[in-house]
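Structure first, then comments.
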Amino acid sequence: MHKPKITLHLCAPRGFCAGVDRAIQVVEEALRRYGAPVYVRHEIVHNRFVVDTLKEKGAIFVEELDEVPATDQPVIFSAHGVPKHVPETAEGRNLLYLDATCPLVSKVHKEAILHERRGREIVLIGHAGHPEVEGTMGQLPAGAITLIETPEDARAFTPRDAGNLAWISQTTLSVDDTAEMVEILKERFPQITGPQKGDICYATTNRQEAVKAVAPKVERMLVVGAPNSSNSRRLVEVAERNGCAKATLIRRAAEIDWDDLAGISDIGLTAGASAPEVLVEEVVEALRERFEVKLEVVTTAEEDITFLLPRTLREQAA
Ligand code: SF4
């Protein structure tokens, strides 16, 4: 069979970040130490394939702690972080909990707490309803943090005291959109304080940079990731804003729209921080079945970051 030729531009870095890798390890290590079941509050990371694989090994996923029975088995909090009342409730119920919150999310929690201690009003740039935003806002009493989602919100925001203001952000936002909102806030409130290098994490930044390098060279970009994964959805936007005619979020190879790829010669491929490499490989294989693929890897950064497991698991290992 004659196969049309394509060049597949593979973004690097892509896929799993250190925080996701650690969160999955926490569940696997907990299963090894305590046996099944272990309870996990919320999807440990936003990827169905990962969640289903852990379910098969004995993890039980719940949305809230009241779904967890009285048990000696551990409860794990997801990589996105949790509001303060969640560990407090777990303690009140004598539940053993393990916190898989990404250390880079915990860093934002600490910033929020510090700003509050210093009496500052806090603006959080992020997306309403995302568990990370709920976790960060939940570090402080209701009303302490104002959420800003758009440049319009940044223009409309009225602080109680413009001279005593701080901003923080969700870790998985669009780098460019966030810079725009910070700029608006700084113009309006020159005394506003915030993180020196921002709160968007290295993984989100690096994946967006790789997509920016590939987007102008391709007519289509496939982004492997889940619809509820913030950083995956941002990769779709970044691709389309930087020269790629159309970017599509796919959970797996089965979701590829083959009609849409007909007659296309250059395709980009990346994956959100919660998407495992095995799903990228599946997409490459599916493309190879239909096309004669020339693979070009576009590397814009090298990553060697790893995070230690939570102390409880480390201590037991020692
Ligand atoms: Fe941590 Fe960033 Fe990965 Fe989120 S995307 S888990 S903040 S490293």
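The values are calculated or read from the model by the stated rules, or taken from the named source; none is laboratory data. Only a predicted model underlies this, so the values are computations on that prediction, with no experimental measurement involved. Ideal geometry is used to build each Cβ from the backbone, glycine not excepted, and the neighbour counts take in all protein chains shown.
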In the stretch 49-81, which residue that is in contact with a helix residue (DSSP H, G or I) (Cβ under 9 Å, 6 or more places away or on another chain), aliphatic (A, V, I, L, M) and more than 17 Å from Asn228 (Cβ to Cβ) is surrounded by the most Cβ atoms within 10 Å (Cβ to Cβ)?
Ile76
Take Gly81 and decide whether it is assigned to a helix (DSSP H, G or I), within 15 Å of Asp99 (Cβ to Cβ) and not charged (D, E, K, R).
no
Out of curiosity, is Glu292 more than 16 Å from the ligand (Cβ to nearest atom) and closer than 20 Å to Val50 by Cα?
no
Of the residues Ala23, Ala36, which is surrounded by 22 or more Cβ atoms within 10 Å (Cβ to Cβ) and not acidic (Asp, Glu)?
Ala23
From (1) within 16 Å of the ligand (Cβ to nearest atom); (2) exposed (fewer than 13 other Cβ atoms within 10 Å of the Cβ); (3) not in a loop (DSSP other than H, G, I, E, B), pick out the condition that doesn't hold for Leu308.
(3)
Listed by first then second residue, the pairs whose first member lies in the stretch 181-195 and is without any contact (Cβ under 8 Å) to a residue 40 or more places away in the chain and in the same structural domain as Thr150 (by TED's automatic domain parsing), whose partner is part of a helix (DSSP H, G or I) and small (Gly, Ala, Ser), with beta carbons under 7 Å and at least 6 positions apart or on separate chains, are Ile184/Ala154
In the stretch 11-56, the residues that are more than 15 Å from Ala273 (Cα to Cα) and assigned to a strand (DSSP E or B):
Val38, Tyr39, Val40, Arg41
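Yes or no, residue by residue, for (1) within 16 Å of the ligand (Cβ to nearest atom); (2) in contact with an Asp or Glu (Cβ under 9 Å, 6 or more places away or on another chain); (3) closer than 20 Å to Glu296 by Cβ:
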site	(1), (2), (3)
Pro195	yes, yes, no
Tyr202	yes, yes, no
Gln208	yes, yes, yes
Pro216	no, no, yes
Ala226	yes, yes, no
Arg251	no, no, no
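Does Val283 count as hydrophobic (A, V, I, L, M, F, W, C), modelled with pLDDT of 95 or more and part of a helix (DSSP H, G or I)?
Numbers: hydrophobic (A, V, I, L, M, F, W, C): yes; modelled with pLDDT of 95 or more: yes; part of a helix (DSSP H, G or I): yes.
Spelling it out, Val283 is indeed hydrophobic (A, V, I, L, M, F, W, C), modelled with pLDDT of 95 or more and part of a helix (DSSP H, G or I).
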